[in-house]
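Novice: This is the structure I want to talk about, given as structure tokens.
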Amino acid sequence: QSNVTVYGIIDTFVGVGKAGDAKFSGVANGVLNGPRIGFKGEEDLGNGLKAKFVLEQGFNSDDASPASSKEFHRQAWVGLEGGFGFIGLGRQYSPGYYAFRNDAVAAGALDPAAILTGGGLQVDAGSDARWDNSVNYQSKKFGGFSGQVIYSFGSTEADDKAKNPNRNTDDKVGLGLNYANGPLNVDYIYINAGDSTLGDDHKEHYLGAAYDFGGFKLVGSYQTASVDANDSDVKVYQIGGIVPVGMGNIHVAYGARNEDAQDSDSRSFTVAYTHNLSKRTIAYVGVNRTTNDDNVGLGALAKQDGKSSNALGLGIRHAF
Amino acid sequence: QSNVTVYGIIDTFVGVGKAGDAKFSGVANGVLNGPRIGFKGEEDLGNGLKAKFVLEQGFNSDDASPASSKEFHRQAWVGLEGGFGFIGLGRQYSPGYYAFRNDAVAAGALDPAAILTGGGLQVDAGSDARWDNSVNYQSKKFGGFSGQVIYSFGSTEADDKAKNPNRNTDDKVGLGLNYANGPLNVDYIYINAGDSTLGDDHKEHYLGAAYDFGGFKLVGSYQTASVDANDSDVKVYQIGGIVPVGMGNIHVAYGARNEDAQDSDSRSFTVAYTHNLSKRTIAYVGVNRTTNDDNVGLGALAKQDGKSSNALGLGIRHAF
Amino acid sequence: QSNVTVYGIIDTFVGVGKAGDAKFSGVANGVLNGPRIGFKGEEDLGNGLKAKFVLEQGFNSDDASPASSKEFHRQAWVGLEGGFGFIGLGRQYSPGYYAFRNDAVAAGALDPAAILTGGGLQVDAGSDARWDNSVNYQSKKFGGFSGQVIYSFGSTEADDKAKNPNRNTDDKVGLGLNYANGPLNVDYIYINAGDSTLGDDHKEHYLGAAYDFGGFKLVGSYQTASVDANDSDVKVYQIGGIVPVGMGNIHVAYGARNEDAQDSDSRSFTVAYTHNLSKRTIAYVGVNRTTNDDNVGLGALAKQDGKSSNALGLGIRHAF
């Protein structure tokens, strides 16, 4: 048992939402973090080499349902870390997951970046940023710079074990470059997700940055997604800030999504306050307003095409 | 890991049963407790405030199948405890769960109370006493008295996040009042389960008590369930006793169920012996006989409408 | 928590495979061991008596999916151990599981024994060697000899709890005899699996042995399977060896499968090298070639009827 650490996060809130005729009042989850329970460990192999593993399941802490039919929806990998960096095998984060570093309100239910990347974008901390059957390389840090390259052999090979090895069909490739030095963080992310729900030959680029002025942290990002089909390109940008106040923080974020398709743009705005009851336990309250053009219905808690979605959540996040 | 306690119960038995043409011989589970594995913890936040959580899955220890499709079928909640009592969010016990306090043979496979509340009653320690998307308040104890109020926003909102907030459709509300002082325990429970499998506007009342005379514990309860439909009201009562003998206990329980509908009454009788191999491990043997009117087929292990159901189980319960 | 040990194994590899038109290139799992996570414990009850339990889930470490819809696919049992031996209840290993003791390349994806027992044989460490609703007796060791008897009441009784207690339909019975003394291990295994996917009244016999010469371990086995249908009997034999070299081992295994049915024979050959990075962590590389008659398509990673299947895997196994 000394080889395994059991850990996790529960994040549950009461919320109300309204978008046109759609209304929500109830209990939901995941404003600051997706609920999870995990098992992890590492072993020192000598000569600077380490074996590491993570098995991490996601679930909904409002109704106790699993995040998907997987045993470990969030992560399931084993790898070796050494002077060369880290190489891992299994279900792992694509670089798209790390977009949350340049985000003012984490990557959850009330986050403009998470809301505006809905409908198929994959550079976001959501489910699509976890890639099955992947080989993942993460470099060491050189003068603040580090990089990640990941290749996913797709999910179909897990079923028939005899898949067509055509990358554009279901394989995915991702590249992440990070610069983190003192108050500054910059991320460039590229993924090619093959044929996705968004369309064939799905590609995304992302550039995001965060700067901590001390007493105020400014964040922002710009990302694009394109597929083979005409009129389907998407652009999302967001900016935000975090201001420490007493035992908590005020978070403000604004973002916009523009599609090539007509009447399909959205804008989203969030203000939240997080109160640190301890390092592990945070109480929070947040509001989001997302406005939509006629052909799109993004938002939180309640959604309807062409309608503004308004949501308020009040909850608690506990890490263990 | 010091933040998490891993715990659980396995309860498996070999049994034989017969009801008319239906026969059972094999391995089953859950005479004394439903098998479970859980993760729990608490954090002291200072000023008398604590954060607490429980994530608890139920499963069948006979064939290793999960109790339902949920990740944590039994409980999944996070909450705060302080001078005000406890408030929690998630999948939590309704007051109906605690009916087992006034029960002579726990709330398992051979228990008259569990058998007779079959077919849709929810004031019982079974699955229906766990409510999703709930806000739960539990008071402190005042002179032996304590109370619980719980509101469940229903399971549909977890699917579409845009449910009709009509309480009678899928929301539930529950109220529990407990008096526990020295040898005496009394519980009053009320629930309104909305539209259930039993019928629309499903309501139940329960009154139960237990008194420990020292060397003999007497228990009993009376409960009613009603729905909108005529002729569907149900009344269940049970009485029982627990007598310590040597390293074990003899448990005796008798109960009856009366429905407004014709020829739908049942009676159930159980005698069991539990032998304490340790505080954590109990060997047991028990027999149940349930008799049924023509239109109902309650019982344990083997069931058939209008037939008596006889069952015998011999097993082991281990807590870890 | 001191009552529970959390443990497991992850075994993931990158591989390529080809059989006729079928090709595989990607990430897969389970060359040395099936990935698993488990919870186990034991309690001393005094007088030489112990309560023991294991709850162990299997999963695919390549894509994080569960091995089946069970909560604990591999094992879920509680039992008592004492001077009489061990008796357990639940989902437990049939004697067929222990065939891996006489196997040169464990019982995984590249193992001739595992490949050649594909298509329904159950004396093999795979899924079918785990029996639900079983009563299992394991004797103590007497002068090197020990025995196991297991009876499984089938999976249907778990559904309707009123099954027909006809052993040939879904009940199973197994017998295992083991002699382990110094360098020699011998296993005889018999199972009657009732009506299986292979056919009605499915019976198997197995005889296997291993001898450690010091610096070279020789293993081999011979097994037969028969069902009621004509022309469906199957015979499988395999021999192999393990040679320690430096910090690792070279494993060689060859096996053949002969069916009564025409043009349905296969032969399989594997060479593997395992490198011990530590006691818990092993890096490995292995190749398998399986040749098939016209009507059968066994193999690893890529399979096609009548074609040779060639596979190479390079991976890591980490136990925690």
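The values are calculated or read from the model by the stated rules, or taken from the named source; none is laboratory data. Remember, it's a predicted structure, so these values are computed and weren't measured experimentally. Heads up, the Cβs are rebuilt from the backbone with ideal geometry, glycines too, and the neighbour counts pull from every protein chain shown.
Novice: Can you find a residue that is surrounded by fewer than 17 Cβ atoms within 10 Å (Cβ to Cβ) and free of Cβ contacts under 8 Å to residues at least 12 places away in the same chain anywhere in the stretch B:229-237?
Specialist: Checked against the condition, which is being surrounded by fewer than 17 Cβ atoms within 10 Å (Cβ to Cβ) and free of Cβ contacts under 8 Å to residues at least 12 places away in the same chain, the stretch B:229-237 yields no hits at all.
Novice: Looking at the stretch B:22-42, which of its residues are within 9 Å of chain C (Cβ to nearest Cβ) and surrounded by fewer than 20 Cβ atoms within 10 Å (Cβ to Cβ)?
Specialist: Within the stretch B:22-42, B:Lys23, B:Ser25 meet the criteria.
Every residue, every condition in (1) of a type outside the set (D, E, K, R); (2) within 20 Å of B:Leu116 (Cβ to Cβ), yes or no:
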position: B:Tyr190; (1), (2): yes, yes
position: B:His202; (1), (2): yes, yes
position: B:Tyr206; (1), (2): yes, yes
position: B:Phe213; (1), (2): yes, no
position: B:Gly220; (1), (2): yes, yes
position: B:Ala225; (1), (2): yes, yes
position: B:Asp231; (1), (2): no, yes
position: B:Val234; (1), (2): yes, yes
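Novice: So, C:Gly108, is that one in contact with a helix residue (DSSP H, G or I) (Cβ under 7 Å, 6 or more places away or on another chain) and under 30 Å from C:Leu218 (Cβ atoms) or not?
Specialist: Against the criterion (in contact with a helix residue (DSSP H, G or I) (Cβ under 7 Å, 6 or more places away or on another chain) and under 30 Å from C:Leu218 (Cβ atoms)), C:Gly108 qualifies.
Novice: Let me ask you something else. Residues C:Ala272, C:Ala256, C:Ala225, C:Ala193: which one is among the aliphatic types (A, V, I, L, M), surrounded by 18 or more Cβ atoms within 10 Å (Cβ to Cβ) and touching a helix residue (DSSP H, G or I) at 6+ places or on another chain (Cβ under 9 Å)?
Specialist: Answer to the selection: C:Ala193.
Novice: Name the residue, out of A:Ser127, A:Ser134, that is surrounded by fewer than 24 Cβ atoms within 10 Å (Cβ to Cβ), of a type in the set (Gly, Ala, Ser) and more than 23 Å from A:Gly241 (Cβ to Cβ).
Specialist: One residue alone meets the criteria, A:Ser127.
Novice: If you don't mind, there's one more thing I want to ask. Restricting attention to the stretch A:59-82, report how many residues are in contact (Cβ under 8 Å) with a residue 40 or more places away in the chain, in contact with a Ser or Thr (Cβ under 8 Å, 6 or more places away or on another chain) and within 12 Å of chain C (Cβ to nearest Cβ).
Specialist: The qualifying residues number 4.
Novice: Restricting attention to the stretch A:83-99, and to residues there that are surrounded by fewer than 24 Cβ atoms within 10 Å (Cβ to Cβ) and away from chain C (no Cβ under 14 Å), which single residue is nearest to A:Asn292 (Cα to Cα)?
Specialist: Here the residue is A:Tyr98.
Novice: Here is a follow-up. Quick one: how many residues across the stretch A:1-21 are surrounded by 21 or more Cβ atoms within 10 Å (Cβ to Cβ) and within 24 Å of B:Phe153 (Cα to Cα)?
Specialist: Going through the stretch A:1-21 one residue at a time, the tally reaches 8.
Novice: Just give me the residues in the stretch C:263-320 being within 18 Å of C:Pro112 (Cβ to Cβ), β-branched (Val, Ile, Thr) and without any contact (Cβ under 8 Å) to a residue 40 or more places away in the chain, in sequence order.
Specialist: C:Val271, C:Val285, C:Thr291
Novice: Mind counting the residues in the stretch A:127-157 that are touching a helix residue (DSSP H, G or I) at 6+ places or on another chain (Cβ under 7 Å) and among the hydroxyl-bearing types (Ser, Thr, Tyr)?
Specialist: Residues that pass the stated criteria total 2.
Novice: For the stretch B:144-160, what are the residues that are modelled with pLDDT under 95 and either surrounded by fewer than 20 Cβ atoms within 10 Å (Cβ to Cβ) or more than 30 Å from A:Gly297 (Cβ to Cβ) (or both)?
Specialist: B:Ser155, B:Thr156, B:Asp159, B:Asp160, listed by residue number.
Novice: A follow-up question, please. So if I check each of B:Thr197, B:Thr169, which one is of a type in the set (S, T, N, Q), outside any helix (DSSP H, G or I) and modelled with pLDDT under 95?
Specialist: Result of the check over B:Thr197, B:Thr169: B:Thr197.
Novice: Okay, next question. Residue check: is C:Gly214 at pLDDT below 95 and more than 30 Å from C:Gly20 (Cα to Cα)?
Specialist: Yes: the conditions hold for C:Gly214.
Novice: Here's something else I'd like to know. Starting from residues that are of a type in the set (A, V, I, L, M) and touching a Lys or Arg at 6+ places or on another chain (Cβ under 8 Å), keep the ones in the stretch C:6-15 and report whichever is nearest to the other protein chains (Cβ to nearest Cβ).
Specialist: Of everything passing the filter in the stretch C:6-15, C:Ile10 is nearest to the other protein chains (Cβ to nearest Cβ).
Novice: Return the total of residues in the stretch A:133-142 being in contact (Cβ under 8 Å) with a residue 12 or more places away in the chain and more than 16 Å from A:Tyr190 (Cβ to Cβ).
Specialist: Residues meeting the conditions: 4.
Novice: Determine whether B:Tyr188 is at pLDDT 95 or above and surrounded by fewer than 21 Cβ atoms within 10 Å (Cβ to Cβ).
Specialist: Yes.
Novice: Another question, if that's okay. Identify, please: which residue in the stretch C:282-310 is under 27 Å from A:Gly88 (Cβ atoms) and at pLDDT below 95 and is, among those, farthest from the other protein chains (Cβ to nearest Cβ)?
Specialist: Filtering the stretch C:282-310 for residues that are under 27 Å from A:Gly88 (Cβ atoms) and at pLDDT below 95, the one farthest from the other protein chains (Cβ to nearest Cβ) comes out as C:Ala300.
Novice: Between residues in the stretch B:94-120 that are over 23 Å from B:Asn249 (Cβ atoms) and in contact (Cβ under 8 Å) with a residue 24 or more places away in the chain and residues that are of a type in the set (A, V, I, L, M) and in a helix (DSSP H, G or I), which pairs lie under 7 Å by C-beta distance while being six or more apart or on different chains?
Specialist: B:Ser94/B:Ala129; B:Gly96/B:Ala129
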